[in-house]
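Taking it in order: structure first as C-alpha cells, then the write-up.
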Amino acid sequence: MNSFLNYNCSCCNNNLVLINNFGKMPLANAFIDKKLFHKEHFFDLKTAFCEKCKLFQLVDQPKKELMFNDQYPFYSSLSEGMKLHFTNLYKNIFKNHLSQFDDPLSLEIGCNDGIFLENFKINNLRHIGIEPSSNVANIAKNKSINVLNKFFNNELTNYIIKNYGEAHLIYAANVICHIKDINSLFSSVEKLLHKKGKFIFEDPYLGDVIKNNQFDQIYDEHVYLFSIISIENICKRYNLEIVDCEKLLTHGGSMRYHIARTGEYLVSEKVSKIKDEEIQLGLDKKDIYLKFDENCKKFKNNFVNLLRDLSDKNQSVVGYAATSKSTTILNYCNISSEYLNCIFDSTEDKQGKFSPGMHIPIRSDADFTKIKSNYCILFAYNHKKEILEKEHKYSINGSKWIELFPLPKIIND
C-alpha cells in the first residue's frame, strides 16, 4: 500500500515506500518581496524510505539552480557559535590528520562565506572552496580564500586533479545532504581522494530527527537525512568505509562521518556502536518512519491549537530567526500572520521581506525588544543558548518563549 510504483531510490533504484506528505511547499530559503508573491515556486514535499539501501529521502527536489544562486540568504559567519565550532574543528583535523602530510591539499564542498577555510588561509595551507551561490562565494573570495564558484561534479573533479592534485581532506558541513546525485558525488570523492586522505562531512542526523520529531529538517535542500547504516551501504560501492563518527549538537543534532579508502585506517568502535543503536531504534525498517509520520501530524494539531488558543486570548505571538527549517513548520501547519505577527532575524537579506509561502513579515532582530509581544517562537532552537543570552531582557516583563520539539510547549512558565 505504501510503495511507489513510479518513484525509485536515488541511490540504488529500488522502489520507495512513501512516508510523509507535507503538501505544497515553497523553497525554504526563498524569502520574498511582496511584488513577487505571484511568481513564488512550490513543489510537493514528500519523503520516502528505501528498504534496500536504508536511505531516507525526498521523493522530488527542485532544480539546484533554484536553491543555490546569487541570492542565497544564509551566512555561516553570523553565528559566533559556529565560528568557534569551525575553528575548533580545524585545529582537530590539522592535529590528527593533515599534519602527517607535506603540503596537504584541503577541499571544502559548499564553503559558504569561508567560515571554515579562513583557518587554512590564515595558516598558509593549500585549500579550495567549492561554492555555487555567488553572493556567499564572493564574501569568501574577499577574505582571499581560493574559491571556485561552481557546483561540485565529475567535470570539476577532473579540473581539480589536473591543476591541484589529489585532496588529503575533502570536507563538507550541511552540504552532502543537499546533493541529489549521491552516486556521482561519491564517485567524484573516490577519484579525488588521496590514498591516505579522508572525506569528512557533517549533516543533520536521521536518528535525532526521528527521536525528537524534528521534521523541520525536511525541506527542499535536504534531499537526504543520513544514518550510519545508509552511508555504509553507499560507501561499499566505492571502495570506501566509515572509519570514525561523532555525534554533534549542531543544527539540533548532527553526525560527523569520517570516511577513507577501505583498509587504510583502523575503524573506530564507535561506528559499530552507533550502528547497533540505529538498528535498535529501527532505522533499518519502515515501521519507525510510519510512526514518525504520525508524530508529525500530532505536532501539527498541537501547534495549531496552541496558537489558536493564544489568539483567542488576544496574546501577541512573534517568531525568532527566519530559518529555512521554519518554512516547513509554517507551511505544513498553515500558520499565517493571523497567528504570527512577524519573525525577527539578523540576516539583512531577509529583513523587509516575507517568509516563503505564508508571507509573514521579517523584521530586524534589532527591533525585537522594542516591539511588545507576549510570546516568541524559537525557530532557531539549535542556537537556543546563544539567542537566550543575547535576548535575556525579553522575559523580564513576563513575555515567554515557545519551544517546538518534540511537541510545542511554553517555557519559563
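Nothing in this text is a laboratory measurement; each read-out follows from the coordinates by a stated rule. None of the values given here were measured: they were computed from a predicted structure. Virtual Cβ from ideal backbone geometry, glycine too; neighbours counted across all protein chains shown.
Structure values in brief
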{"quantity": "Rh (Kirkwood; distinct C-alpha pairs) - the chain, Å", "calculated": "22.2 Å"}
{"quantity": "FRET efficiency, 1/(1 + (r/R0)^6) with R0 30 Å, evaluated for ASP44 and SER316 via beta carbons", "calculated": "0.35"}
{"quantity": "Centre separation in Å (Cα based) which lies between the range 265-342 and the range 372-413", "calculated": "17 Å"}
{"quantity": "Share of alpha-carbon pairs per 10 Å distance bin for the range 76-287, given as whole %", "calculated": "8, 35, 39, 16, 2, 0"}
{"quantity": "DSSP beta bridge pairing in the range 333-413, given as percent antiparallel to the nearest 5", "calculated": "35 percent"}
{"quantity": "Entries in LYS95/LYS270; LYS211/LYS300; LYS83/LYS297; LYS39/LYS63; LYS150/LYS198 that, when Cα-Cα distance is taken, lie over 25 Å", "calculated": "LYS83/LYS297"}
{"quantity": "Helix 154-164 axis, angle to the chain major axis (alpha carbon atoms, nearest 10°)", "calculated": "60 degrees"}
{"quantity": "Nearest-ten-degree value, helix 80-96 long axis tilted from longest Cα axis of the chain", "calculated": "20 degrees"}
{"quantity": "Antiparallel bridges, percent of DSSP beta bridges restricted to the range 76-287 (to nearest 5)", "calculated": "45 percent"}
{"quantity": "Degrees between helix 287-312 axis and first principal axis of the chain (Cα, 0 to 90, nearest 10)", "calculated": "30 degrees"}
{"quantity": "Neighbour-limited loop hits for trypsin sites (Lys or Arg not before Pro), the range 360-405 (at most 15 other Cβ within 10 Å; DSSP other than H, G, I, E, B)", "calculated": "LYS370, LYS372, LYS393"}
{"quantity": "The range 324-400: mean projected area of Cα convex hull, nm²", "calculated": "5.1 nm²"}
